[in-house]
Every structure is written in C-alpha cells, then in structure tokens.
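The structure appears right after this line, and notes come after that.
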Amino acid sequence: MKITVIESVLKANDAVARTNRRRMDEAKLLAVNIMSAPGSGKTALLEKTIPAFDGHLRSAVLVGDLQTTRDAERLARLTAQTTQINTGQGCHLSAAQVAQGLDSLDLAQIDLLFIENVGNMVCPAGVDLGEHVRVALLSVPEGDDKVAKYPTLFQPADVILLTKVDLLNVLDFDRGRVRDDLSRINTRAPLIELSAKTGQGMDDWLGWLAGRRAERIETAV
Amino acid sequence: MHELSIAADLLRNVLAVAAEHEAVRIEQVTIEVGVLRQVVPEAIVEAFAMLAVGTAAEGAALKVTELPARAECRRCGNTYAVSVDVYVCPQCGQADARLVDGNDILLQTVVCQT
C-alpha cells in the first residue's frame, strides 16, 4: 500500500517554536538567537554585553553546548538567569530544548534573552527556536571567505558581527571580501565590526540591540 | 550532522503514518528536502536506517529528492528563484530575501505492508 502524506517533517519543531515565540512575546522580552562557528566569541560577546545593560535592561541566557557547563559558569557570574542546555550528540538547539530552558527562567524578569546556540555554521541555521532576531558572528581568525562558504548562516541573519577585529593587523583578512560576499547573500543586515576585548564597535552592537528591544516593546503594546 | 535530528523527526512521522494505517512493515519512504537545508542524502539515509532498527521501518528504503529554493524580495515584493549562494533579487538588485521555499522537508509517500 502506498500512502501519500505530503506534510512537513519539521512541523513538530515549528509548532514548539511558535509556542516559544508567543510565550516570549507575552513576557515582552527580546529573544536573540546567536549563531556562529565554535570559537567565534559568542560567550565573550555576552560577557561584555550583559554588564553593559546593567541597571537598564535585564538579561538572561540559554546556552547550548554538546558537553560541559563551562559557558554557563562564565555567564552565571553576570546573570543569575543562566541555563545550560547540553545537546549531547545534537549539533544545534531545538525549539523543544529552548521550551524546557524557558521553563527554568522567570520570563517576567527578563528584557533580553540571549540564546547562545551550539557552535556550528550549518546545523543551527535552519532551526526556528521562536527567536525574534538572529545574530551571526564571524571572527577574524576564521578567515574572510566564510560568508560565501556558509551562506545559510548569514542569509537569515538580522545583524552580522565581525568579531575579534583587534586581530586585523596581525592576520591577512580582507574586509572587502566579506562585504562583497554579503552583497550577494544579505544586504539587509548591518555588518558591525567589533572587538569584545578592546571594546571597539561595542556601542554600535549595543545600540542595535537596544533598538530591536524598543521595537519589540512597541509591537507588544 | 543535523541529518540525525531530521532523521529522528522523519522516523517519528513515518511510524505515526504507518500506525494510522495499521501497517506492519514499511518498505519505502520518499521525502523532498529543501536545497537550503544542506542535507547530505547519504547521511540522512544512513541515519534513518540506523534509527529505524527495531521499528516497523527497519530495512525501509529512503528516497530523497531535492526541492529548489524560492524567495520573496522584502524590498520590491518580487518572487524569484535563489540558489544556496546567491540571493540577489533580479528586479531590484538587493539581497533582502524572505525565503518561501527551500527550507522545508516534506514527507511525500510511505509504502507499507498491512
């Protein structure tokens, strides 16, 4: 017997993602899905971002890794609302894992929820978690060819951060090449060059984030 | 290796369909995979076969075909075909694409014995 089905295999994830989005909408928080290769500086970025909003916007973090609670330990120093999600063999966070993570947080006390995805340039990109905005990081040591090599990470991004720009003068990295590749892949997202270490460009990133948070409040009213 | 999680979702769907039709054995499954998913057909076939061991889908053949990608331009509203590495709108020249097709994975048919 041949049964014709024609339904999305991903519908289970997408349904949970919609529920996540509704919960986070109701809490009037901005959910930020942060994606990049391992070692691009996602955690270092958050270590500088969270304190910058101290006394102004309350942050929380869901951090995904295959193993260890190292990132959560680093981030728990900055916000009590930090939850580590270990994905085991899973190469990306799923909407269901985020839903569980949300259960562990007091959403009413959060303005910015950072979801630090598993370090991976392919797998997380196609998985909706219910986030409001997507951030893609590219660090200078990774090389200037990565936007073209991993277009599906950068295409849906709402902002692209070129991190570790303090290393530009020691590495051969052509920023023109990144901009040229983005002209074919994503002309919507601003490209912000920053260094979490020196603080260069951090104001642009913080300003972008505060702007998206303000928009969210407006649409939620 | 996102093929593993996709294969797990697929198997869950396939077994649900089979149970609905009171099938005892699943012989063949066909799926369409959006090109932007970057699914390696051999990897999903292997992952599916591995996960299906001990279920009604054990030994079932998985056939994978690719779905092309399409986008709608957020700037000018044009709908156009995109490839994995180029998203430029042919009408306005911007790469401000909202993806319409190419990201989904569709379970098409299940062939089974009842």
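The values are calculated or read from the model by the stated rules, or taken from the named source; none is laboratory data. All of these numbers come straight from a predicted model, not from anything done at the bench. Ideal geometry is used to build each Cβ from the backbone, glycine not excepted, and the neighbour counts take in all protein chains shown.
Below is a table of values for the structure above.
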quantity	calculated
Pairs, first over 20 Å from A:LEU29 (Cα atoms) in segment A:51-75, second surrounded by fewer than 16 Cβ atoms within 10 Å (Cβ to Cβ) and modelled with pLDDT under 95, C-beta under 8 Å, six or more apart	A:ASP65/A:ASN86; A:LEU66/A:ASN86; A:LEU66/A:GLY88; A:LEU66/A:GLN89; A:GLN67/A:ASN86; A:GLN67/A:GLY88; A:THR68/A:ASN86; A:THR69/A:ASN86
Considering residues of segment A:163-188 that are more than 14 Å from chain B (Cβ to nearest Cβ) and more than 19 Å from A:LYS149 (Cβ to Cβ) only, the residue surrounded by the most Cβ atoms within 10 Å (Cβ to Cβ)	A:VAL165
Segment A:1-55: number of residues that are surrounded by fewer than 23 Cβ atoms within 10 Å (Cβ to Cβ), assigned to a loop (DSSP other than H, G, I, E, B) and among the β-branched types (Val, Ile, Thr)	0
Residue within segment A:138-145 that is under 21 Å from B:CYS89 (Cβ atoms) and surrounded by 17 or more Cβ atoms within 10 Å (Cβ to Cβ) present	no
In segment B:69-93, the residues that are surrounded by fewer than 18 Cβ atoms within 10 Å (Cβ to Cβ) and either within 9 Å of chain A (Cβ to nearest Cβ) or modelled with pLDDT under 95 (or both)	B:ARG74, B:ARG75, B:SER83, B:VAL84, B:ASP85, B:VAL86, B:GLY93
Breaking point among (1) surrounded by 15 or more Cβ atoms within 10 Å (Cβ to Cβ); (2) over 30 Å from A:LEU182 (Cα atoms), for B:GLU3	(2)
Failed condition for B:ALA56, given (1) in contact with a Leu (Cβ under 7 Å, 6 or more places away or on another chain); (2) at the interface with chain A (Cβ under 7 Å from one of its Cβ atoms)	(2)
Residue in segment B:95-104 that is touching a Pro at 6+ places or on another chain (Cβ under 9 Å) and more than 10 Å from chain A (Cβ to nearest Cβ) present	yes
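This table checks each residue for (1) more than 21 Å from the chain's Cα centre (by Cα); (2) over 29 Å from A:GLN89 (Cα atoms); (3) not charged (D, E, K, R).
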position: B:ARG25; (1), (2), (3): yes, no, no
position: B:ILE31; (1), (2), (3): no, no, yes
position: B:ILE44; (1), (2), (3): no, no, yes
position: B:LEU51; (1), (2), (3): no, no, yes
position: B:GLU72; (1), (2), (3): no, yes, no
position: B:GLN91; (1), (2), (3): yes, yes, yes
position: B:ASP96; (1), (2), (3): yes, yes, no
position: B:ASP101; (1), (2), (3): no, no, no
position: B:LEU106; (1), (2), (3): no, no, yes
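Okay, residues lined up against (1) in contact with a helix residue (DSSP H, G or I) (Cβ under 6 Å, 6 or more places away or on another chain); (2) assigned to a helix (DSSP H, G or I); (3) among the acidic types (Asp, Glu):
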site	(1), (2), (3)
A:ASP144	yes, no, yes
A:VAL147	yes, yes, no
A:LEU161	no, no, no
A:ASP166	no, yes, yes
A:VAL178	yes, yes, no
A:LEU209	no, yes, no
